[in-house]
Structure formats: structure tokens, C-alpha cells
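Asker: Here it is, the structure, as C-alpha cells.
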Amino acid sequence: MNTKFLTLLLNCQREQVLIEFSPQITFFHGSIGAGKSSIARLVDFCLGSDLEKTPALRQELVSVILTAEINNKRVTFEREANNSNQVQVSWEDQDKNYFSFLAPLSQTRETPVLLGNDVYTLSDLIFFLLGLSPIKVRRSKREQESELVRLSFRDIMWYCYLQQDHIDSSFYHLINESFKTLKSRDVMRFIFGYYTEKLNTLELQLDELREEQRIKIETSKQVQGFLQQFGFDSGEALRLELVTTQHDLEIAQSELQQFRDGFTSDTHFVDELRTNLRDLSNRLDEAQKILNDLETRISEQEALKAELVSAKFKLARAETSLTILTGALFDVCPACGMAIDKQKQRNDGECILCSDHIPATPAQSIINATASLNDLNSRIDELVVSIARQKIALDKQQRFVSSIVAEKRTLDNRLAEEIKNYDSIFLASSREAERRIATLTEKIRNLAGISEMPDAIVRLQREANDLNIQITETRNEIEQEKGKLTNSVNLVGKLETSFLEALLAIKFPGVEPDDKVEINTKTWIPSILPNGDPALKWGFEGAGSGGKKTLLNVCYALALHKIATENKLPLPTFLIIDTPMKNVAKEANIELFIAFYNYLYELAATSLSETQFIIVDQEYVAPVEGTIDVRHRLMTPSDNENPPLIPYYRGP
């Protein structure tokens, strides 16, 4: 897992801060509160961890960019300071192709795939860049059939980043930390080949085969139970039911057609009502015409009567005027007011006014007026009698029309009721037939859909049985692969030896050359056996002081990386140690202090020359020889010559 950090760029509120890492050892030292530990935390933050925000980071940090070289690819990890749950990962391959993905830290059901078929998260993407498939391990270590879960790159980071907060309190989460303990053991098994990549692939394949077989068997059982629930124990019964239902559908369709064809003929019972209504309508039309004629005649006679009465009154006024004006002489003309010439000669019988005609004698005029008046009275009396007779006829005709209208209304209501009752029966019958047709049609569609289920059940059962052969072959391959793990036992022995060498090299208190280190491969917890005596063994929990616990953690990490490098085991080629001499005072333990760093520099110059170290401590110890690339930086909270992590920041 060739990995090297190149730079760490902090985008702050007022300026950018660039930190360059040595390919071998980068040493940050100085006073507390200068941001030394924050550098290690920010590197880890870019790789997916949470960030412990100091006041300086909380106020000033905007984002951070980590540049690394992974398997000869230059990769950048960009992350916002607000603890966003995703990291922008970009790189360029050997063919100058550029890639960039916004990788989430965790996977949910809605998380889309980033690459291939199995890269969803930042951890998966880092494994991909390292040339590894995402690693999966058994959730339960006791059940061989338990499901596989992913081993995260964050779990492997426990052995590559020793945090200041846990370096003297937890031995790689291997002791009494529930699920983290199981994950930590999985990491050790993976590193030492107890869980090789081939074994991982085979177990994934076995898990997929078993899952596929389980799905096929379960599906066949569910389909069979579904068919049995509806009484279909075989495909023959299903086909018989389909034929029967098709026959029932044809009968229902025929019945509906008969209903529709018989609608007209079945309504003969209202024909007599319709005939009576037509006769009544004709009679009503004729009676209405007679009624209209009577009304017209009465109206005309009443108008004539009114005219005769008016003429009678006019004649009476004329007769009265004639009587009054008979013998009257005029001095002036009553029409124009001109004086009448009385001296003018006139013939007898000429009018003294107009001289044009000879007016009748008064006696004759009176006789004529009387005759006319009598004639008018007689005519008026005749009209009165006629109008009375016509009104009697009109009243009779109105009663006759009303009776016809009432009879017609009764027949109309009766016809409507009869039609309504028949329509209700017809609609109910036709709707029932249509409902049966729809039900049978849907049943046929469903039966057609499940008609292939019996054959599918047989096919699924046959495929599930065929998978037994593949499952057996895969299990045999897994057993063969496990049989090759004898080398892993030797590697654990080398780790035990290397761990003891590290403790002796730094002059760890209480450890002698005749002592022995023993690692329990079930718990992966190392123990020191004084003079090789198991009864006297002690370990991390019995170390006592915090300084010893810190050194046990650090020496174990150095031994693990040494064995991984020498044997090309899958472990990232970097080690971040935050305060390796925590709880160890330099003045009181100067020999231990110097011995530790001399051993660290010796490893960096020899077996761990390709491993990158990032060290955070209070004091810097320079290497004796200049054969390694060591970059150190003194950091103080308020010294401009040796500024803190964010140079312009001055605060808590």
C-alpha cells in the first residue's frame, strides 16, 4: 500500500498555509497550543475522520487540501472545514486521464456507485487507488455462514495514526471496546494473511452463491405457496382453470348481448300507452284549435259590439244637434268666422251657408235618425246574445281541454314510471353482466400471468440445486487457501521478535533480553513473558504508567510496519505518531528518550526507509547521522520566527 503525503494546504480566512512533508521523517515540535497535533488531525480529517476543532481552526479554517502519492498517482483530497460528510478526491493516471469524485464518507441505500460495481464511499475509493478491492469480513467470528461486512480504511488507520488522546489509554482498540475490537482483529488478520485477498474474493463469491441460492429457494417457496393458496397445486390445474374461466367469459358476453338485443322487444308493454298518448295529443291539438277559434270569434264580436255602441252614441248626438239647430240663422260662418251676405240672392232650398245642397227637412231627418238608432240597437242585442253563447261554448271547451291535458299528464307519468322501472331492471341486469365480464377478464389476465409460474418453480429449484455444486467447489477452494496460511504463523512469530527487539532497543523499563513476547492470534493482544514464564506475563493493561503504555503502542506500531515492509504485507507505508514520548519527561528519562529516537532513525535509514513518518512531540532529537531526510519545524503560539500552525492567529 504505497502511500506518501506530499503537502497539506490550509485555506484560512486571511491567508493560505502550506505544509510540506518529507518523504521520510517530518518532525513538528514546540510549545503546547501551537497547532502541532492539528496537523496530524487535519491529515486524518482529509482521509475521512471527524475534526477536533480548536479555537483557531473553528475561527479561521475554511477548507483543507491534502496532496498524496498513491501507487504512483498524484491524488488530492479536498474537504470543507464544516465537517461535511464528503470529500472531493481527484487524481491523474499514467495516461494523463483526469478523474474527480465527490466521495461520501458512509454508504446508504441511496448512495450511487462511483466506480465499477463496488466503489461507493471514500474508503472504497482509497482501496481502489491502492489497487485493492473493498475488503469484506464476516460480521460474526463464530458463525461461518454470517454475512460479510466491509472493512473500512478507517479501521486500518488505527495502525497508521497513533492519536495523542488514545496513545496511552487504548491498545489499538483490542481490549474491551466491543465492535471496534472485532474490527481491529480483522485488520490484523488481513495484514498477516489470515484473510488474504484471494480468500476474501472466495468468501465473497461463496456469500453471493449462498445468497443467490437462498433467493431462488425462497422465491420458489413463495410462488408455490401463492399457487396453493388459490388451489393450484400443479400447472394442469392452472390450465384447466384458465379454460373454464374463458368459457364463463363467453357465456357472460352472450348474456349481455341478449340483454341489449331484447331491450326494444321487451318494452312492448308501453306501446298502448304511447298510442293513447298520441291520440290524446291529436285530440288536444284539435280542441286547442277550437278553443283558439272561439276566443278569436268572441274577441271580434266584442270589438264589433263596441263599435256599434259608439255609433249609437254618435247618432244620438247628431239627432240632438239637428233638433237644436233646425231653423237657426247665422250672421257669421261657424267654420271661418266670415260675415254672411244676407243680401245675396239664393234659390229655394239652398243652404244659406254653403249654397251647395239642399238640406233635408227637419221632420224627415228625425225619421231617418230614429230608424238608424233602432237598427243599431237591434244589432247590438244580437251581438250580446251571440257573445253570451260563444262564452258558454268557450268555457265548455276550456274544461274539455283541461280534462285532456290532465289525462295526458297522467299517461305521461305512467309511461315514465313504466320506462324507469324497466330501465332499472335492465341496467341492473346489464351491469351485473358487465361486472361478471370484467371480473372474468381480469381473472383470465391474472391466470395468464401466473400460468408460467409452475415452470418457473421447477426452473428455480433446478438452478438452486445446480448452485450446490458451485458452493461445494468454492468451499473446497477456501479450505485449500486456508491451508496455505502456515506462512502467517511465521509472520506472527517475526512480529513477536520484532516487538521485543524494539522494546530492548529503546531500553524499555523491565524488559530483558531473556524475556519473550507472545501474541494471541485470537485476540491479537501481545504479552511480555519475563524469562519466558507464562505465569508472569504482563501486557498493556498491566504496564502501569502512562509513559510505558505510550511506548508499548509506539514500539508495536514500529514492529508491525517493519514486518509489513520486509514481507510486503498490505499496510499503508506511513506512520503518524502524535507525541511518542507522552508522559515521559526528557530530563528524568534522557537515556530512554535518546534511545527511542535513535532506534526510530535507524529504522528509517534501513528497513523502514520507504515508510513516511510524521512525528509530533514537545522536543526534537536530531539524528546522529545525516543519511535520512528529516524536516523539523519548531512551532510556538506567539513567536513570529517560529509561528503556530496559522501564523497570524494569536489566541487561545
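Asker: Starting with the fewest neighbours, write out Glu208, Glu110 ranked by other beta-carbon atoms found within 10 Å of each beta-carbon.
Answerer: Least crowded to most crowded, the residues run Glu110, Glu208.
Asker: Obtain the nm distance between the two label points defined at Gln246 and Ile594 by a simple spin-label model: each point lies 7 Å from its Cα along the Cα-to-C-beta direction.
Answerer: Distance between label points: 10.1 nm.
Asker: On to the next question. With the crude spin-label approximation of a point 7 Å out along Cα→Cβ, what separation in nm comes out for Ser310 versus Glu434?
Answerer: Placing both labels 7 Å beyond Cα along the Cβ direction yields 6.9 nm.
Asker: In addition: In nm, what is the difference between 0.36 nm times the number of residues separating Ala605 and Arg462 and their Cα-Cα distance?
Answerer: 45.2 nm
Asker: Rounded to the nearest 0.05, what FRET efficiency do Ser90 and Asp533 have when you use their Cβ-Cβ distance and R0 = 45 Å?
Answerer: With a Förster radius of 45 Å, E is 0.20.
Asker: Using the count of nearby Cβ atoms within 10 Å as a rough guide to exposure, how do Arg185, Arg274 rank from fewest to most?
Answerer: If I rank by nearby Cβ atoms, fewest first, I get Arg274, Arg185.
Asker: Further question on the same structure: Between Arg274 and Glu286, what length comes free when the chain is fully extended (0.36 nm per residue of separation minus the Cα-Cα distance, one decimal in nm)?
Answerer: My answer for the length gained is 2.5 nm.
Asker: In the range 563-652, which GluC sites (Glu not before Pro) fall in coil by DSSP and have 15 or fewer other Cβ atoms within 10 Å?
Answerer: When the GluC sites (Glu not before Pro) of the range 563-652 are filtered for loop state and at most 15 Cβ neighbours within 10 Å, Glu587, Glu610, Glu619, Glu625, Glu641 remain.
Asker: What is the extension gain from Gln59 to Gln253, computed as 0.36 nm multiplied by their sequence separation minus the C-alpha to C-alpha distance, in nm to one decimal?
Answerer: Extra length available between Gln59 and Gln253 comes to 61.7 nm.
Asker: For a quick check of your reading of the filter: which trypsin sites (Lys or Arg not before Pro) in the range 24-117 sit in a DSSP loop and have no more than 10 other Cβ atoms within 10 Å?
Answerer: Counting only loop positions with at most 10 other Cβ atoms within 10 Å, the trypsin sites (Lys or Arg not before Pro) in the range 24-117 are Lys96, Arg109.
Laboratory data are not the source of any read-out in this text; all were calculated from the coordinates shown. Since we're looking at a predicted model, the values are computed, not measured. Reconstructed Cβ throughout: ideal geometry from the backbone, glycine too, with neighbour counts over all protein chains shown.
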